[in-house]
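The structure appears right after this line, and notes come after that.
The values are calculated or read from the model by the stated rules, or taken from the named source; none is laboratory data. Nothing here was measured: the structure is a model prediction, and the numbers come from that model. So basically every Cβ, Gly included, is an ideal-geometry build from the backbone, and we count neighbours across all protein chains shown.
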Amino acid sequence: MTITEKILAAHAGVEKVDPGELINSKIDIVMGHDISTPVAIDELERIGADRVFDKDKIVLVMDHFVPNKDIRSAENSKRVREFAKRHQISHYFEVGDGGIAHALLPEKGIILPGDVVVGGDSHSCTYGALGAFATGVGHTDLAAAILTGELWFKVPESTKFVYDGKLPKWTEAKDLILYTIGDIGVDGALYRAMEFTGKVVEQMPMSGRLTMANMAIEAGAKNGIFEPDRITEAYLREKTARPMKRYESDRDAAYAEVKEYDVGRIEPQVAFPHLPSNTKPINEVGDIAIDQAVIGSCTNGRIEDLRVAAQVLRGNKAAPYVRLIIIPATQEVYRQAVQEGLFEIFLNAKAAISTPTCGPCVGGHMGVLAKGERVISTTNRNFVGRMGHSESEIYLANAAVAAASAVKGRIAHPEEVVKT
Amino acid sequence: MILRGRVWKFGDDVNTDVIIPIHYCTSGDPQEFGRHCMEGIDPDFPKKVKPGDIVVAKRNFGCGSSREPAPIAIKMAGISCVIAKSFARIFYRNAFNAGLPILECEDAPDAIEEGHEIAVNLDTGEIQDLHLGRSFQAKPIPPFMQDLLREGGLMNHLAKQLNLRKVAG
């Protein structure tokens, strides 16, 4: 069996599962945020259920439209806050002590290898970086999970991705996943598990694994997963006392497909409007002027991303008329960036630095686009209208490329800004 | 159950951001979702739809976010059923939970054109294009999901199982 099949079998209480099989699975962690949770609460109220399956296994994070952008979003947050109080939810994260859920839960040690995790957000697949089975659900499934701690799943087939070779200087985990989605398409892993393996992945820090697992959904996958290893253990040490289970895929595990990549040939990637699969290597991008650059989100808002951005922005400024917006993903990332002196570099570069929020990535607030505007963004989706007007354009890239582009006022290679 | 309606055609990768932009999702008002259905592709779509019309699309329909207002918006706009070559998996689950019938069919989306009158048998998965006089066979809905639909969705199923007070349908 694959790691995904083993985790699902264990949570369904059976020895073995096969792809295509429908199972009922126990859930270790259920996550909801300020958009998905209020409607899940509606569903619970509709059937007269005023209880939760386990107050210690539900995580509620105010991250999308926070600090609340308007009265509606304030009412929604209030609804979730009152629910959390009433049911004494142990993991409730408020503005000022939390951040973006998919960066926050790993950072707090809430997700462990071997867990089954569901979240009322499509990027819940991020948690697969820790060797968990994690997937996104809508608000009815979220309500059912909050109430019962169980959900039905169809066991997915797995595709194995093998990354070998030596990463070029400015190529990041973001580029590997963009390249992969460009190769297989936005439905290239539809209904499947994406299992990330290979020598490059074995050396990859947790931040990179989180970035890659985060975008599994952009290839249509049910989950993205990495086998837990010494890097996973080192990351979780001192974060948690909860016992963890390490699963590995069998040598003879069955895969629907195996894809192999030599990363030495993968340059920084840019995904053009309006699909994450519409990728080009940076050297083939041409002259594309930008109005805004966004560095942040559940994909690339961790301290490692901010360090890379600072490396490019040091001694540079955003080009005239270009807005540079930097959003540390969590309160801890924010604190660390301050302590490392990154804010000084960002402020000198004319960056607007925001408190943690999903904000502009979902076209919520903190950097929504006008008609005809172009943004380069470290986020995960570039669909029509995602970040603002339906005639705006989104280009996806890593943090170094976004930073270099802010400085040049057009999509630029980091080497154009940082002399090496 | 047989549905009959006029077809609206869409292509590949119709995503949840174009089906219903997120700023409408905070209202929690299904009627509002319906009024903005497909706004990212055709803002006049909800005005053009007649109740019972059917959406026929190509691959990966409903990709992107997990927002359940996406199938709700389609349902509230008056669409009775969506037929596509494939659906994004979260949308697939959400459609059943929201009570929007959906069918996967490989060849019908290539043949059926916009404006055609079609009849869809939800029990057998048979799709008839009355304009072309041709039939297509969709994948049958898994029995487990048919049971869920019969019970009025996942929450009603749970209410029954847990012996809870059921407030509304």
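Beta carbons closer than 7 Å, at least 6 apart along the sequence or on distinct chains, never pair a first residue in the stretch A:1-29 that is farther than 19 Å from A:Thr159 by Cα and without any contact (Cβ under 8 Å) to a residue 40 or more places away in the chain with a second that is β-branched (Val, Ile, Thr) and crowded, with 20+ Cβ neighbours inside 10 Å.
In the stretch B:37-51, the residues that are at pLDDT 95 or above form Cβ pairs under 7 Å with partners that are among the charged types (D, E, K, R), at six or more places apart or across chains, as follows: B:Pro46/B:Arg35; B:Lys50/B:Arg6. Among the residues in the stretch A:370-393, are any touching a Ser or Thr at 6+ places or on another chain (Cβ under 6 Å), of a type in the set (A, V, I, L, M) and either at pLDDT below 95 or surrounded by 20 or more Cβ atoms within 10 Å (Cβ to Cβ) (or both)? Within the stretch A:370-393 (the criterion being touching a Ser or Thr at 6+ places or on another chain (Cβ under 6 Å), of a type in the set (A, V, I, L, M) and either at pLDDT below 95 or surrounded by 20 or more Cβ atoms within 10 Å (Cβ to Cβ) (or both)), the answer is yes, since at least one residue qualifies.
Consider the stretch B:12-54 and keep the residues that are β-branched (Val, Ile, Thr) and over 13 Å from B:Met76 (Cα atoms). The one that is surrounded by the fewest Cβ atoms within 10 Å (Cβ to Cβ) is B:Ile41.
Of the candidates B:Gly115, B:Gly99, B:Gly125, the single residue that is small (Gly, Ala, Ser), without any contact (Cβ under 8 Å) to a residue 60 or more places away in the chain and more than 13 Å from every other protein chain (Cβ to nearest Cβ) is B:Gly125. Has the stretch A:117-132 got at least one residue that is in contact with a strand residue (DSSP E or B) (Cβ under 9 Å, 6 or more places away or on another chain), surrounded by 23 or more Cβ atoms within 10 Å (Cβ to Cβ), among the β-branched types (Val, Ile, Thr) and under 16 Å from A:Phe53 (Cα atoms)? Yes: one or more hits. Given the structure, is A:Thr197 more than 23 Å from B:Asp13 (Cβ to Cβ), among the hydroxyl-bearing types (Ser, Thr, Tyr) and surrounded by fewer than 22 Cβ atoms within 10 Å (Cβ to Cβ)? Here the answer is yes, as A:Thr197 does meet what is asked. In the stretch B:74-87, is there at least one residue being among the polar types (S, T, N, Q), more than 11 Å from chain A (Cβ to nearest Cβ) and either farther than 28 Å from A:Tyr191 by Cα or outside any strand (DSSP E or B) (or both)? Yes, the stretch B:74-87 contains a residue that is among the polar types (S, T, N, Q), more than 11 Å from chain A (Cβ to nearest Cβ) and either farther than 28 Å from A:Tyr191 by Cα or outside any strand (DSSP E or B) (or both). Of all residues in the stretch A:57-77, those satisfying the criterion of being under 25 Å from the mean Cα position of the chain (by Cα) and assigned to a helix (DSSP H, G or I) are A:Ser73, A:Ala74, A:Asn76, A:Ser77. Applying the condition of being within 21 Å of the chain's Cα centre (by Cα), closer than 19 Å to A:Ala400 by Cα and not hydroxyl-bearing (Ser, Thr, Tyr) to the stretch A:337-356 and asking which residue is surrounded by the most Cβ atoms within 10 Å (Cβ to Cβ) yields A:Ala337.
Among the candidates B:Ser27, B:Ser65, the residue that is touching an Asp or Glu at 6+ places or on another chain (Cβ under 8 Å), within 10 Å of another protein chain (Cβ to nearest Cβ), among the hydroxyl-bearing types (Ser, Thr, Tyr) and under 23 Å from A:Asp121 (Cα atoms) is uniquely B:Ser65. Being assigned to a loop (DSSP other than H, G, I, E, B) and either of a type in the set (D, E, K, R) or over 21 Å from B:Cys63 (Cβ atoms) (or both) is the filter here; which residues of the stretch A:201-222 pass it? Passing the criteria: A:Met204, A:Pro205, A:Lys222. Inside the stretch A:248-273, residues that are in contact with a Ser or Thr (Cβ under 9 Å, 6 or more places away or on another chain) and more than 30 Å from A:Val401 (Cα to Cα) make up a count of 7. With respect to (1) more than 14 Å from chain B (Cβ to nearest Cβ); (2) more than 30 Å from A:Asp250 (Cβ to Cβ); (3) touching a Gly at 6+ places or on another chain (Cβ under 7 Å); (4) part of a helix (DSSP H, G or I), the lone exception for A:Asp54 is condition (4). Scanning the stretch A:35-51 for residues that are in a loop (DSSP other than H, G, I, E, B), more than 7 Å from chain B (Cβ to nearest Cβ) and in contact (Cβ under 8 Å) with a residue 60 or more places away in the chain yields a total of 1. Of B:Val55, B:Val14, B:Val49, B:Val7, all but one fail to be within 11 Å of chain A (Cβ to nearest Cβ) and among the aliphatic types (A, V, I, L, M); the exception is B:Val14.
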